[in-house]
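*Asks:* Okay, here's the structure, questions in a sec.
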Amino acid sequence: MDLKGLKKVELHCHLEGAVRISTLTELAKAKKIDLPYSDPIKLKKSLCVVEPLKNLSDLLERLLRMRDLLDSEELYERVTFEYIEDSFNQGVRLLELRYNPVFAAEASPSLTLDRIHRGILSGIERAQKKYKIGVGLIGTLGRILPMNIVKQEMEFIIANKDTFCGIDLADKEDGFEPKPFAPYFEKAREAGLRITIHAGEINVPGASKNVYDAITYLYAERIGHGVRIFEDKKVMDLVKEKGIVLEMCPMSNWLSSAVDGGHPAHPIKKYLDYGIKVTINSDDPGLFGSSLIDDYKILAEHHGFTEKEFNRCNQIAFDACFIKDKEKYWV
């Protein structure tokens, strides 16, 4: 099967975690960071997560170190262009990129929310002049941040709603349930933004409740990951009955230990067979030293996905995409 040749839609990718290894290496060298540059295997292990970590917090710390290399508006333009180019070359024709404005700005005192956003928009514009690909932006709120900072993020995203197609809630789930964020998502919904929420990713008892709460209190149309909903059939049924779309990321879920038992234990095929809408995404390909094609390979090799299943997932993603219909490409 020609995995690269399949027309794809990617809904779940964090721009801060989607930087090319070659670009990461260049930036690390420029900052004189001590890494094993002469050994490609050791270098990749230094820069990327290539083996399952004990918990999601460890992964988020690695993402923070990667974020700190992106300390200028010009770099955000560059990495945005590069990821869109890489996506197009993997067969992606609709792409949603998400980022957290405040998280991104913490990399450098010279960065402002406006400068970062301007850099990203410039990267999108440059890429779309070269490649026929639809690109949308999702603004992410940080669960673990003080509520006054979350409010600042939300206000920035709403103020720039003409260039954002959706809003998200991400970061550590354990100890940060969705319900307190309901007022922010009510305002985002009133402003016309579409809603996706990270939930049910963390491998702890009761994680499926976060999916229930995200749908019930935050108006989630899509769920980032939702891996753990198998813990509660009522939540599985709610997701199915409401047509909630799961943005599933097989490589990420393995490396973050969201799934026990390796690639064959991932529940994506179980959910698809149950009638739940699932999509295939890379999450943080730069952080993992992987690509969207690697996620497709996992599904083909460990779950028996054929072209039929891949096309089905991509049609679900196409229909669930927050990008306006007039801006969608499907060629």
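The values are calculated or read from the model by the stated rules, or taken from the named source; none is laboratory data. Keep in mind that this is a model prediction, so the values were computed, not measured. Note that each Cβ is placed from the backbone with ideal geometry, even for glycine, and that neighbours are counted across all protein chains shown.
*Asks:* Are there any pairs with C-beta distances below 6 angstrom linking a residue in the stretch 303-323 that is modelled with pLDDT of 95 or more to a residue that is assigned to a helix (DSSP H, G or I), with the two at least 6 apart or on different chains, and if so which?
*Replies:* Qualifying pairs under 6 Å: His303/Lys269; Phe305/Leu299.
*Asks:* So, Tyr296, is that one touching a residue at least 24 places away in the same chain (Cβ under 8 Å) and over 30 Å from Arg20 (Cβ atoms) or not?
*Replies:* Criteria not met by Tyr296.
*Asks:* What is the residue count in the stretch 158-187 for residues that are surrounded by 17 or more Cβ atoms within 10 Å (Cβ to Cβ), farther than 16 Å from Gly224 by Cβ and among the aliphatic types (A, V, I, L, M)?
*Replies:* Residues flagged as surrounded by 17 or more Cβ atoms within 10 Å (Cβ to Cβ), farther than 16 Å from Gly224 by Cβ and among the aliphatic types (A, V, I, L, M) within the stretch 158-187 amount to 1.
*Asks:* Return a yes/no flag: does the stretch 149-160 have any residue that is modelled with pLDDT of 95 or more, part of a loop (DSSP other than H, G, I, E, B) and under 26 Å from Ile223 (Cβ atoms).
*Replies:* yes
*Asks:* Here's something else I'd like to know. For the stretch 61-77, does any single residue satisfy the condition of being in a helix (DSSP H, G or I), of a type in the set (A, V, I, L, M) and under 21 Å from Val204 (Cβ atoms)?
*Replies:* Yes: one or more hits.
*Asks:* Further, regarding this structure: Hey, could you check the stretch 219-239 for residues that are assigned to a loop (DSSP other than H, G, I, E, B) and without any contact (Cβ under 8 Å) to a residue 60 or more places away in the chain and say which is farthest from Phe181 (Cα to Cα)?
*Replies:* Result: Asp232.
*Asks:* Could you say which residue among Arg143, Arg189 is at pLDDT 95 or above and closer than 22 Å to Tyr99 by Cβ?
*Replies:* Result of the check over Arg143, Arg189: Arg189.
*Asks:* List the residue pairs whose Cβ atoms are under 7 Å apart, where the first residue sits in the stretch 112-135 and is loosely packed, with under 15 Cβ neighbours inside 10 Å, the second is not in a helix (DSSP H, G or I), and the two are 6 or more positions apart or on different chains.
*Replies:* The qualifying pairs are Lys132/Tyr329; Lys132/Val331.
*Asks:* Going by the structure shown, is Ala127 modelled with pLDDT of 90 or more, at negative phi, of a type in the set (A, V, I, L, M) and under 17 Å from the mean Cα position of the chain (by Cα)?
*Replies:* Here the answer is no, as Ala127 does not meet what is asked.
*Asks:* Restricting to the stretch 14-58, count the residues that are of a type in the set (Asp, Glu), in a helix (DSSP H, G or I) and in contact (Cβ under 8 Å) with a residue 24 or more places away in the chain.
*Replies:* Qualifying residue count, the stretch 14-58: 1.
*Asks:* Moving to a separate point now. Run Val211 past the list (1) among the aliphatic types (A, V, I, L, M); (2) more than 22 Å from Gly136 (Cα to Cα); (3) in a loop (DSSP other than H, G, I, E, B); (4) touching a helix residue (DSSP H, G or I) at 6+ places or on another chain (Cβ under 7 Å) and report the number of the one that doesn't hold.
*Replies:* (3)
*Asks:* Further question on the same structure: Taking Leu6 as the residue in question, decide whether it is closer than 30 Å to Ile133 by Cα, touching a helix residue (DSSP H, G or I) at 6+ places or on another chain (Cβ under 6 Å), at pLDDT 90 or above and surrounded by fewer than 19 Cβ atoms within 10 Å (Cβ to Cβ).
*Replies:* Yes.
*Asks:* Next question, about the same structure. Look at Leu11 and say whether it is buried (at least 19 other Cβ atoms within 10 Å of the Cβ), farther than 27 Å from Arg194 by Cα and either at pLDDT 95 or above or more than 19 Å from the chain's Cα centre (by Cα) (or both).
*Replies:* Judged against the criteria, Leu11 is not a match.
*Asks:* What residue, of Phe164, Phe181, is part of a loop (DSSP other than H, G, I, E, B), at pLDDT 95 or above and closer than 17 Å to Gly142 by Cβ?
*Replies:* Phe164
*Asks:* Which residue out of Arg98, Arg115 is part of a helix (DSSP H, G or I) and either at pLDDT 95 or above or over 15 Å from Asp168 (Cβ atoms) (or both)?
*Replies:* Selected residue: Arg115, the only one of Arg98, Arg115 that is part of a helix (DSSP H, G or I) and either at pLDDT 95 or above or over 15 Å from Asp168 (Cβ atoms) (or both).
*Asks:* So, one more: Residues to consider are Ala199, Ala207; find the one that is under 18 Å from Leu145 (Cα atoms) and buried (at least 20 other Cβ atoms within 10 Å of the Cβ).
*Replies:* Ala199
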